DNA sequence: GGCTAAGCGGAGTTGATCTACCACTTAGCT
DNA sequence: AGCTAAGTGGTAGATCAACTCCGCTTAGCC
């Protein structure tokens, strides 16, 4: 699963020693967890401690903290692209909606590095690919009458930013709350009134979020 | 305008000396500008330099950097509450919409400290006040048939988070882009199809935003 | 079993901020 | 004009997190 330096080894890196591979995975897991729990500002030493390794071990695998983050983000990116390709296989005009839902699920399951996703996750090529897919999904949605004609690909990108923000803010105190927001967004781009099916946040959940931000 | 320590002087602070007041205002302006341009991580020394004062001057007025930030945020908060109260005076059910627009304008004009707004801007009392206003505006909107009955106050809070995110991401490269997003959000909570009047982001603007995030 | 390249740990260095301090200057009252 | 509390500037010191370094350990081939 993990067998090379951050980006998939350009020059064929020799395979890691068994213990090294184990430690690498531990580091990645620890970082994923800690970033999800407390954000990207957790210290490197803490990540190493949680992983049960020394910092030297971490720094042997990743040249710096940023590379570690980028590694995690890269995983998100490829999963996102996968979702996009799968959405193309959906029938009728529901591909776009199912992509958005998929992205929501994915992000909710990996809340750690979301802020870096758009910032430096997608390479120009990947971005181009994603946009191509979005364009096709959107066209189909237009044709199926599932989305207003005046909605553009750039609108969908903005929707994704919005979705990401809500996922980030609510994962801990009210996981799943993003679904209702997505309902509203989808209703917003739909040509006809559309059901908002998920329940709203309770007042209590909202308070919990406000508190936890402090 | 500026005449006291950060929060509106609890014990009647004696008025500042003329030069001190001038310097305080300079510091506040410099901080506003720099935070807006490059985010909260700009150094204190740079703020002092831009203001044309020494750091000692800054630290005489504000016990620490955080207090400076909170001071700026407090300003945003009171302006927001003002907007809310004004919205109550609006006729029919349009008060909610005009509040949201007002908040968008306000945030777009003060993009520096938005990330701190919800985190520690509103005191419990202020939050309660804002919620009360929202509740009344929402009720009226319901009665006027401007908003779907199933939309709650918590939904509106979430909408505000979404709006803030889009404002933050687009202020520099495409100021005003938030208006279209708000159109979509309003369409999403409206019981009937609703015009989306502002133009979408151009592909070029979107690229500029993606680049500038790096 | 022996050898060696690969891996490991974690104390210490570096660099960037934030903050305290204090000798010097000045506004503004009398 | 003279006095003094208030204000000023900027350097030195504290803090904190990222990162380096190197002597010790070990996997895995012979």
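Among residues of region B:43-73 being over 19 Å from residue B:21 (Cβ atoms), out of contact with any helix residue (DSSP H, G or I) (no Cβ under 7 Å at 6 or more places or on another chain) and within 13 Å of DNA strand D (Cβ to nearest atom), the one that is farthest from the other protein chains (Cβ to nearest Cβ) is B:49. Any chance region A:99-112 includes a residue that's at pLDDT 95 or above, surrounded by 19 or more Cβ atoms within 10 Å (Cβ to Cβ) and not in a helix (DSSP H, G or I)? The answer is yes, given that some residue of region A:99-112 is at pLDDT 95 or above, surrounded by 19 or more Cβ atoms within 10 Å (Cβ to Cβ) and not in a helix (DSSP H, G or I).
Can you tell me which residue among B:117, B:134, B:163, B:130 is more than 8 Å from every other protein chain (Cβ to nearest Cβ), farther than 19 Å from residue A:180 by Cβ and modelled with pLDDT of 95 or more? Break it down into steps so the answer makes sense when it comes.
Details: B:117 fails: modelled with pLDDT of 95 or more; B:134 fails: farther than 19 Å from residue A:180 by Cβ; B:163 fails: farther than 19 Å from residue A:180 by Cβ.
B:130 is the lone residue from the list that is more than 8 Å from every other protein chain (Cβ to nearest Cβ), farther than 19 Å from residue A:180 by Cβ and modelled with pLDDT of 95 or more.
Within region A:179-193, identify whether any single residue is modelled with pLDDT under 95, under 19 Å from residue B:158 (Cβ atoms) and within 19 Å of the chain's Cα centre (by Cα), and answer yes or no. No, region A:179-193 contains no residue that is modelled with pLDDT under 95, under 19 Å from residue B:158 (Cβ atoms) and within 19 Å of the chain's Cα centre (by Cα). From the list A:214, A:197, the lone residue that is more than 7 Å from chain B (Cβ to nearest Cβ), outside any helix (DSSP H, G or I) and over 24 Å from residue A:130 (Cβ atoms) is A:197.
Looking at region A:55-69, is at least one residue without any contact (Cβ under 8 Å) to a residue 60 or more places away in the chain and within 28 Å of residue A:154 (Cα to Cα)? The answer is yes, given that some residue of region A:55-69 is without any contact (Cβ under 8 Å) to a residue 60 or more places away in the chain and within 28 Å of residue A:154 (Cα to Cα).
The values are calculated or read from the model by the stated rules, or taken from the named source; none is laboratory data. Keep in mind that what you see is a predicted model, and the values were worked out from it rather than measured. In this analysis, Cβ positions are derived from the backbone assuming ideal geometry, glycine residues included, and neighbour counts consider all displayed protein chains.
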